[in-house]
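Student: Have a look at this one before I ask anything.
The values are calculated or read from the model by the stated rules, or taken from the named source; none is laboratory data. In this text, all values refer to a predicted model and were calculated from it rather than measured experimentally. Counting neighbours? That spans all protein chains shown, and the Cβs are built from the backbone with ideal geometry, glycine included. The protein model used for the area step is the full one, side chains on, heavy atoms only, and it has no ligands, DNA or RNA in it. Shrake-Rupley method; radii C 1.70, N 1.55, O 1.52, S 1.80 Å.
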Amino acid sequence: MKSIAAVAISDGPDFNIPEIMAAGICTGAILLVLGATGLMQLVYKLIPLSVVRGIQLSQGLAFAMTAVKYIRKVQDFSKSKSKENRHWVGLDGLILAIVCACFIIVINGAGKERNERETSNVDDEERNMRSTRIKKTMANIPSAFIVFLLGVVLAFIRKPAVVKDIKFGPSSMEVVQFTSHAWKQGFIKGTIPQLPLSILNSVIAVCKLSSDLFPGKELSATSVSITVGLMNLVGCWFGAIPCCHGAGGLAGQYKFGGRSGGCVAILGAAELVLGLVLGTSLVRILDWFPVGILGVLLLFAGIELAMTCRDTNSKGECFVMLICTAVSLVGSSAAPGFVCGMVVHLLLKLRLHLFN
C-alpha cells in the first residue's frame, strides 16, 4: 500500500511498525465491510468509465516516470531520493538497462491487439501461418523472468560477500503489540490517505482492467475488496507489510505472459518458499539487484497499464480522463484526480441536459 509506505518512509520513527500495521488492519477492515455489504460493487457501477481510465492512465504514467528515474539516476532508497546520473558502463549501468529494454521489446513487442484479425487471402495464408508460429514461439519466451534472473546473477557478482550473509530459515515472527496511540496515528496518517487509493486502484481499476484484458471473465468488485481486506486483517497482526491488489501489477503480469490463475499461484508458492528458506537474507541479496533492470521492468508494466486507455473514443470522455490524469499526477494521489474527474463528468452531463 503505497500511501502507507510513503508515510512510513517520510515520518521515520514517528510512524513505526505498530502504526504501519494498524493502518493496514484499519484499511483492510473497511474494505472488507465495503465488499461484504455490496457497497463496493455499487461504487464500481456508479463510477464512469472515463474517470476509471483517468486513474489507470495516471497510475501507468506515474510508474513509467518513476521507472525512467530508476534507469537514469542512481537511487538512494534509504532517503527516498535520486543521486548522480547512472554511469553508462557497469553491472548497473545505462547500457545494461538499454539492452534489457531492447530484449523485452524484441520478445514482447507492443503487445497483442485484442481486435487482431488474420487475413483470409489464400496467397498470404502460408506467410500468415509462419508469422503466427514465430509470434507464438516468441510469446512463450519468459522475457521478464530471464531479465530478473540476470539481475539476481549480477547481484551476486556486484557483492560476492553477500553469500556469507545468507542464513537459511525463516525470520522470527511475533504478534505486533499495539497501543492506542499506534491505532490513532495509523488510522489518521495511514488509513485515511490510503483508502481512496485502495478503492480506486486496487479494486475499481483492477476489476475494469481485468474485464479489458480478459473479456467475458469480469471480476466482482465485491470479491476483490473482500480479498484485500482479509489478507491485511490476517497478515498485519504478524508484521506483514500492508498490501493490496494493483492494476499495475496485473498489467505487468499480463504484459510478460502471466495470464492465468496458475501463474499467480506459482508466483505465490515461489515467494513463500523463498521466505521460509532465506528469510531476511533475501533482502540482503536484493539490495544489490541492479536498479536499472528494476526500472526497465517497471517501465513496461506502467506502459501496459496506461495503454488500456486507448479505447476512449469520444472527446468528452477524453476530456474527463485527461483532467483526472493531470490532477492525479500533480497531486501524487488518485483521490484529488478522482474528485475532479467526477465533478467535470457531472458538469458535462448537466451542460448536455441544459442545452439539449
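Student: Report yes if some residue within the range 78-91 is assigned to a helix (DSSP H, G or I) and either surrounded by 23 or more Cβ atoms within 10 Å (Cβ to Cβ) or in contact with a Gly (Cβ under 9 Å, 6 or more places away or on another chain) (or both); otherwise report no.
Tutor: no
Student: Would you pick out the residues in the range 316-344 that are farther than 21 Å from Val206 by Cα and in contact (Cβ under 8 Å) with a residue 12 or more places away in the chain?
Tutor: Matches in the range 316-344: Gly316, Phe319, Val344.
Student: Shifting gears a bit: So which residues in the range 286-315 are of a type in the set (Gly, Ala, Ser) and modelled with pLDDT of 90 or more?
Tutor: Those that are of a type in the set (Gly, Ala, Ser) and modelled with pLDDT of 90 or more: Gly292, Gly295.
Student: Let me ask something else about it. Output yes when any residue across the range 107-124 is open to solvent by 100 Å² or more (accessible area, probe 1.4 Å), assigned to a loop (DSSP other than H, G, I, E, B), modelled with pLDDT under 90 and in contact with a Pro (Cβ under 9 Å, 6 or more places away or on another chain), and no when none is.
Tutor: Within the range 107-124, one or more residues are open to solvent by 100 Å² or more (accessible area, probe 1.4 Å), assigned to a loop (DSSP other than H, G, I, E, B), modelled with pLDDT under 90 and in contact with a Pro (Cβ under 9 Å, 6 or more places away or on another chain).
Student: Just the residues that are hydrophobic (A, V, I, L, M, F, W, C) and assigned to a loop (DSSP other than H, G, I, E, B), please, taken from the range 223-275.
Tutor: Ala240, Ile241, Cys243, Cys244, Phe256 - these are the residues of the range 223-275 that are hydrophobic (A, V, I, L, M, F, W, C) and assigned to a loop (DSSP other than H, G, I, E, B).
Student: Just to check your reading of the model, which residue among Gly60, Gly24, Gly28 is at pLDDT below 90 and surrounded by 13 or more Cβ atoms within 10 Å (Cβ to Cβ)?
Tutor: Gly60
Student: Further question on the same structure: Go through the range 31-51 and report how many residues are open to solvent by less than 30 Å² (accessible area, probe 1.4 Å) and among the hydrophobic types (A, V, I, L, M, F, W, C).
Tutor: Adding up the residues that qualify gives 4.
A quick yes/no check of all residues on (1) of a type in the set (Lys, Arg); (2) surrounded by fewer than 17 Cβ atoms within 10 Å (Cβ to Cβ):
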{"residue": "Ala269", "(1), (2)": "no, yes"}
{"residue": "Leu272", "(1), (2)": "no, yes"}
{"residue": "Asn313", "(1), (2)": "no, yes"}
{"residue": "Glu317", "(1), (2)": "no, no"}
{"residue": "Val320", "(1), (2)": "no, no"}
{"residue": "Lys349", "(1), (2)": "yes, yes"}
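Student: Moving to a separate point now. When the range 276-300 is examined, which residues are found to be touching a residue at least 12 places away in the same chain (Cβ under 8 Å), assigned to a helix (DSSP H, G or I) and open to solvent by 10 Å² or more (accessible area, probe 1.4 Å)?
Tutor: Leu276, Val277, Leu278, Arg284, Ile285, Leu286, Val291, Leu294, Leu297, Leu298, Leu299, Phe300
Student: Report the residue count in the range 220-235 for those that are farther than 18 Å from Thr37 by Cβ and crowded, with 17+ Cβ neighbours inside 10 Å.
Tutor: Going through the range 220-235 one residue at a time, the tally reaches 2.
Student: Of the residues Ile188, Ile192, which is among the aliphatic types (A, V, I, L, M), more than 18 Å from Leu34 (Cβ to Cβ) and over 14 Å from the mean Cα position of the chain (by Cα)?
Tutor: Exactly one residue qualifies, and that residue is Ile188.
Student: Continuing with the same structure: What's the total number of residues in the range 322-347 that are open to solvent by 40 Å² or more (accessible area, probe 1.4 Å) and of a type in the set (S, T, N, Q)?
Tutor: 1
Student: Just the residues that are open to solvent by 50 Å² or more (accessible area, probe 1.4 Å), out of contact with any helix residue (DSSP H, G or I) (no Cβ under 6 Å at 6 or more places or on another chain) and not in a loop (DSSP other than H, G, I, E, B), please, taken from the range 185-219.
Tutor: Correct list: Ile188, Ile192.
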